[in-house]
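See below for the structure under consideration.
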């Protein structure tokens, strides 16, 4: 058991992140308080953090990592890539129209496939809503 210096709650060690420089090997702030502080810092410094992320993504090792992830993603399920290509071609031909996110209305939307065997049946979701949808599907299956 350990007391969080921030919220003063007594919690089990599993509620604290490991930290090798601390005496007991765990951070003095619980995971919940750490996440809250991290989210607040990100919200307060969003432009600075985005600029840092953009610069970091240009590093050679990051570029290579992105290529490796993309190759693995394509190799994992070929139907997925074919479905994405079919959507792109259908939009260019005018057979499919891009719409705002069906959840939040954001105009920057992506085509989400519930079934890759039906490549032109898509839901239009922005990036955050798209990630949320995949989390929901992961919980179902």
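For this structure, a couple of remarks:
- Distance from the range 1-80 to the range 95-141 (C-alpha centre basis), Å: 26 Å
- Using only alpha-carbon positions in the chain, the gyration tensor eigenvalues give semi-axes of 40, 19, 17 Å once each is multiplied by 5 and square-rooted (largest first).
- Helical contribution to [θ] at 222 nm, DSSP H n ≥ 4, -39,500 (n - 2.57), averaged over the chain, rounded to 500: -16500 deg cm²/dmol
- Label-to-label distance, residue 117 versus residue 74, with points set 7 angstrom from Cα along the beta-carbon direction: 2.5 nm.
- Taking 0.36 nm per residue of sequence separation and removing the Cα-Cα distance, the residue 91/residue 67 pair yields an extension gain of 6.1 nm.
- Contact order relative to length of the chain, as percent, for alpha carbon pairs under 8 angstrom and 6 or more apart: 12 percent
- Counting only alpha carbon atoms, the long axis of helix 127-140 and the longest principal axis of the chain meet at about 80°.
A short reminder: the numbers here are calculations on the coordinates, not readings from a lab. A quick note: this is a predicted structure, and the numbers were derived from the prediction, not measured. For neighbour counting, all protein chains shown are included, and Cβ atoms are generated from backbone atoms with ideal geometry for every residue, glycine included.
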